[in-house]
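Since the structure comes first, as C-alpha cells, the remarks are kept for the end.
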Amino acid sequence: MTARGFTLADLLAGIDGARVRGDAGVAVAEVRDDSRQVARGDLFIAVPGTVVDGRKFLADLLNKLSDQQIRDLFEVSQVTRRDKTSTIDGWVNAFKQKRDEVSNRVCTS
C-alpha cells in the first residue's frame, strides 16, 4: 500500500471525525501496512491482514525508536506548553514505560 507526495491532511481529507494534533502539513513519504518496510517519513497502518495482524508489530516499531527520537516527538509536539507541570524527560520516561508494557503483552487475534 503506497501513497506518494501526500501530506497527513491530504490523507485524512474526507474521513469524518479525523483530526490531527500538530502539523497536518507533514509530508508522508509512503503509507505502509508492512512494518518491515517502514522507513523515515512513512505512515504505518496497523490492520488485521489475511495472514498476519499488523497490530502485532506496533510494539516492534515502538522499540526501534531511539531515546533521541522519542525526545524529538515530544519536543515537536510542544507538550510542555499545554502541561506546565511536566518535563520532556518525564514524558520520555512515561512513554518508554508504556512502550515496555505494550511490548510485553500478548496480542490476541
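For region 73-97: of the residues being surrounded by 15 or more Cβ atoms within 10 Å (Cβ to Cβ) and at pLDDT below 75, which is nearest to Val26 (Cα to Cα)? Top of the filtered list is Ser77.
For region 56-63, does any single residue satisfy the condition of being among the charged types (D, E, K, R) and modelled with pLDDT under 75? There is at least one residue in region 56-63 that is among the charged types (D, E, K, R) and modelled with pLDDT under 75. Number of residues in region 21-58 that are assigned to a strand (DSSP E or B) and touching a strand residue (DSSP E or B) at 6+ places or on another chain (Cβ under 8 Å): the value is 6.
Between a residue in region 49-78 that is among the acidic types (Asp, Glu) and any residue that is surrounded by 14 or more Cβ atoms within 10 Å (Cβ to Cβ), which pairs come within a Cβ distance under 7 Å, given they are 6 or more apart or on different chains? These pairs meet every condition: Asp60/Ser35; Asp67/Val92; Glu75/Ile88. Residues that are under 13 Å from the mean Cα position of the chain (by Cα), exposed (fewer than 13 other Cβ atoms within 10 Å of the Cβ) and in contact (Cβ under 8 Å) with a residue 40 or more places away in the chain occur at least once in region 12-21.
The values are calculated or read from the model by the stated rules, or taken from the named source; none is laboratory data. Just so it is clear, the model here is predicted, and its values are computed rather than measured. Neighbour counts run over all protein chains shown; Cβ positions are idealised from the backbone, glycine included.
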